[in-house]
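See structure below.
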Amino acid sequence: MGMQKIGKNLLKPEALVCDAAPAIKNGFTKVFGNSFYQIMCWSHMKRKVENRVCHVDDTNIAKELLEDIEILQLCNSSSLFELAITLFMKKWKYKNKEKNQSVLDFLQYFDDEWLQSNPGWYEGVRLYTPSTNNALEAINRTIKDDGTFRERHVLSRFLTTASDIVRNWSIDRDPSSTNLKQFATEPTITLQLWTFSYQWAKSNKNIVCIPSGSKKIYYIPARDLQSLTQTDLDRYKQQKFTTFNQFQKSFDIWCLEMENNSHWKTSKCNCPAFLKNYICKHVAGMSIRLKYYKPPAAAKTVPIGEKRKRGRPAKAKPALLVQ
């Protein structure tokens, strides 16, 4: 209603990030219609699963179940997720030959609650959309602490308070404001990430490059692996896994779609860090390798293989040393 009054286009959100409360989805549907992606908050989902998996009477099995679910969450497409959950259920039904009832109960709970009712908790539901609603929860706290002061208002008073909150937020984000709170339009690369990226760029990993139009696709060995076998690479490209272990092994390879020089920050990687932060050491590190960007000098001060200490770099040398 407010957008119509000021002659602006109506909001048409394409995704809803929330917990499993039906009231949130129903309210969102009534206002914005049905054409949206429902993303289940990963933090809420994981807490619920942790509370339930502890009922499995074997702690080692419970730990492995949780680790497998964490890997499922990293699926970067719907097709991969559908295949992975099939292999997950197949693995655990075969592994549970002794018919451990606590495992059967958990698998039934997991299937009913997180595969049938609320399946949108994996990263690939909609890329570049948060997988948790932690930021929304933080805004909710701001409203309670600074707006309503945690009081229950009558509707008329709440509408006045809500109007004041929106007005103050608009003033804070006004481009002419002195202390502007600016919307980020591209990911921020911290000094720590530049350090990791520089060290990664100087590593001796054997990376496979395949040209694809205006961009190039790089297949990168993950973690401490230095090279890729052709068999693993072919299976990764085809994504024709027949066991859950093969699916797990696919996380030994990261796929980086690198844009050209001036647009390298819009490159995409399927590693967990990129899926959650929209930037990673592979994107920044490849920009260093290809000489698209020169990292800050401070990123080169940490010896290869060591981690940067917390806090900003010291500007002064230790006492008794000539500076």
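Read-outs: derived from the displayed coordinates by stated rules, not from any lab. Remember, predicted model here, so these are calculated numbers, not experimental data. Cβ placement follows ideal geometry from the backbone for every residue including glycine, while neighbour counts extend to all protein chains displayed.
With a simple spin-label model that places each label point 7 Å from the Cα along the Cα-to-Cβ direction, the separation between residue 58 and residue 262 comes to 6.0 nm.
So what is the relative contact order of the chain, in percent, for Cα pairs below 8 Å that sit 6 or more residues apart? All intermediate terms of the calculation are to be shown ahead of the outcome.
Working: 327 pairs, mean separation 48.9, N = 323.
About 15 percent, as a whole number.
Which shape class applies to the chain: rounded if a/c is under 1.5, otherwise prolate when a/b exceeds b/c and oblate if not, where a ≥ b ≥ c are the square roots of the Cα gyration tensor eigenvalues? Oblate, because a/c is 1.5 or more while a/b does not exceed b/c. Simple point charges give the picture: +1 on the Cβ of Lys and Arg, -1 on the Cβ of Asp and Glu, and for region 1-89 a dipole about the Cα centre of about 880 debye. Straight-distance candidates among the aspartates and glutamates for linking to residue 281, with alpha-carbon spacing under 14 Å and chain neighbours fewer than 8 residues away dropped: 257. Here is the list for region 169-214: chymotrypsin sites (Phe, Trp or Tyr not before Pro) lying in DSSP coil, each with at most 16 other C-beta atoms within 10 angstrom of its C-beta, are 183. Inter-part distance, region 171-213 to region 215-250, computed on C-alpha centroids, equals 26 Å. A DSSP coil position with no more than 10 other Cβ atoms inside 10 Å describes the following trypsin sites (Lys or Arg not before Pro) in region 116-186: 150, 152, 181.
Computed extension gain for residue 86 through residue 164, at 0.36 nm per residue and net of the alpha carbon distance, reaches 23.1 nm.
Extending 7 Å from the Cα toward the beta-carbon at both residue 246 and residue 157 defines two label points whose distance is 6.4 nm. Taking each residue as 0.36 nm, the span from residue 94 to residue 291 lengthens on full extension beyond its C-alpha to C-alpha distance by 65.9 nm.
May I ask which of 8/144; 95/249; 46/240; 268/291 have a Cα-Cα span longer than 21 Å here? Intermediate values should be presented prior to the final figure.
Details: 8/144 28 Å; 95/249 19 Å; 46/240 28 Å; 268/291 18 Å.
The pairs that break the limit, which is 21 Å between Cα atoms, are 8/144; 46/240.
In the chain the longest region clear of GluC sites (Glu not before Pro) that are loop-assigned by DSSP and have at most 10 other C-beta atoms within 10 Å covers 152-305.
Since only 116, 280, 69 are under comparison, the one whose Cα sits farthest along the positive direction of the charge dipole of the chain, derived from C-beta charges on Lys, Arg, Asp and Glu, is 280.
Among the chymotrypsin sites (Phe, Trp or Tyr not before Pro) within region 99-140, which fall in a DSSP loop and have no more than 10 other Cβ atoms within 10 Å of their own Cβ? Mind showing how you got there, number by number?
Details: sites: 106, 109, 110, 114, 121, 122, 128; in loops: 121, 122, 128.
Hits after loop and neighbour filter: 128.
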